[in-house]
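The values are calculated or read from the model by the stated rules, or taken from the named source; none is laboratory data. All values derive from a computational prediction rather than experimental measurement. No Cβ is skipped: glycine too gets one built from the backbone with ideal geometry, and neighbour counts run over all protein chains shown.
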Amino acid sequence: MKNYDLMILGPATRDINIDYTGEESRIVGGAVTFCTPAAAAAGAKVFAAVKAAPEDEDVAKAFRLPPGDMVILPSGRTTEMRNRYFSADREKREASCPARSDPILPGEIPQVKRKLTHLAGLLYGDFPDVLIEALKEQGSLAADIQGFLRRRENGSLVFHDWEEKKKYLPYFDILKTDAAEAEILTGLSDRAAAARQLIAWGVHETLISYNTEMLAYDGSRMCVFPVRSRNLSGRTGRGDTVFGSYIAMRVLGADMEEALRYAVACVSLKMETPGPFTGTREDVEAYLREFY
């Protein structure tokens, strides 16, 4: 049986993105779609377990992985997302969800050897509590908190605090949030203070993304690096790209500072081009030398 560094688990999406000029683009998206190539580019051996409708063959084709390194977990529907952006920096947007996939259940999880499983979710309910518990029994666990705060209500997307957070946050070895999500969880607008609170609640290590910088904290050391993209045409997938590359570097043995520095360079480069990251580790290291 092949050994992997990461298993990235979550629903794919069909994304409709409308920028502030009214221009529309359609892509296969979702956290798992953006995390996977960023992690693989760093050199990690990645297995992707993707929730989608089996008949949506373009979803599988979007994952440029070697044969045998991914599986489609069957769903009645593939999640659909619609994002309308109101500014050039894509920080202001209106998001809706016309359709969503089925929850991922413990019995669906592929039996592959890996160092870390990442829950790359989109909506509350993608990962039932029993799945978190089952996966933690199998080893180290990472998650994007978006999959536990964002809810679909009458087709629209809204954020609510996670009632079970104090029970389940200690299950996560590495947790990713953005600044707004960190404030919903902790009630703290200061990102450094929010990171400290998440660690106090039992998270082992956290990464908080923001439009100008990324922050990582493990309870003893805090690191911050600036985002240095020359344009923001590829803003969609920012948080997933930075976290995919970050967890890849961590499982490959990089310390927190080295991993964050690499990940911020990777996402800065990625945001200059729409779609998932298509570069190599060498491309990121060249970007590091030029801009960091």
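Summary table
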read-out	value
Residue within the range 180-196 that is within 19 Å of Arg250 (Cα to Cα), modelled with pLDDT of 95 or more and within 19 Å of the chain's Cα centre (by Cα) present	yes
Residue check for Met222: under 19 Å from the mean Cα position of the chain (by Cα) and either among the hydrophobic types (A, V, I, L, M, F, W, C) or surrounded by fewer than 20 Cβ atoms within 10 Å (Cβ to Cβ) (or both)	no
Among the residues listed as Leu141, Leu122, the single one being under 16 Å from Leu175 (Cα atoms) and touching a residue at least 60 places away in the same chain (Cβ under 8 Å)	Leu122
Flag if Arg90 is touching a residue at least 12 places away in the same chain (Cβ under 8 Å), more than 21 Å from Leu141 (Cβ to Cβ), within 20 Å of the chain's Cα centre (by Cα) and in a strand (DSSP E or B)	no
Failed item, numbered, when Lys136 is tested on (1) over 21 Å from Ser220 (Cα atoms); (2) among the charged types (D, E, K, R); (3) touching a strand residue (DSSP E or B) at 6+ places or on another chain (Cβ under 8 Å)	(3)
Single unsatisfied condition, His204 versus (1) surrounded by fewer than 15 Cβ atoms within 10 Å (Cβ to Cβ); (2) modelled with pLDDT of 95 or more; (3) over 27 Å from Asp19 (Cα atoms); (4) not basic (Lys, Arg)	(1)
Residue match in the range 3-24 (condition: in contact (Cβ under 8 Å) with a residue 60 or more places away in the chain, on the phi > 0 side of the Ramachandran plot and assigned to a loop (DSSP other than H, G, I, E, B))	no
Set Ile104, Ile27, Ile72, Ile16: member being within 20 Å of the chain's Cα centre (by Cα), crowded, with 21+ Cβ neighbours inside 10 Å and not charged (D, E, K, R)	Ile104
Meets criteria (among the hydroxyl-bearing types (Ser, Thr, Tyr), under 22 Å from Ser156 (Cα atoms) and over 18 Å from the mean Cα position of the chain (by Cα)) for Tyr85	yes
Filter result for Lys115 (part of a helix (DSSP H, G or I), surrounded by 14 or more Cβ atoms within 10 Å (Cβ to Cβ) and in contact (Cβ under 8 Å) with a residue 12 or more places away in the chain)	no
Residue in the range 151-160 that is within 24 Å of Glu108 (Cβ to Cβ), over 19 Å from the mean Cα position of the chain (by Cα) and part of a loop (DSSP other than H, G, I, E, B) present	no
Candidate set from the range 15-55 (those that are charged (D, E, K, R) and modelled with pLDDT under 90); member that is farthest from Ala248 (Cα to Cα)	Glu23
Subset of the range 228-260 that is outside any helix (DSSP H, G or I) and among the charged types (D, E, K, R) - its residue that is nearest to Gly30 (Cα to Cα)	Arg235
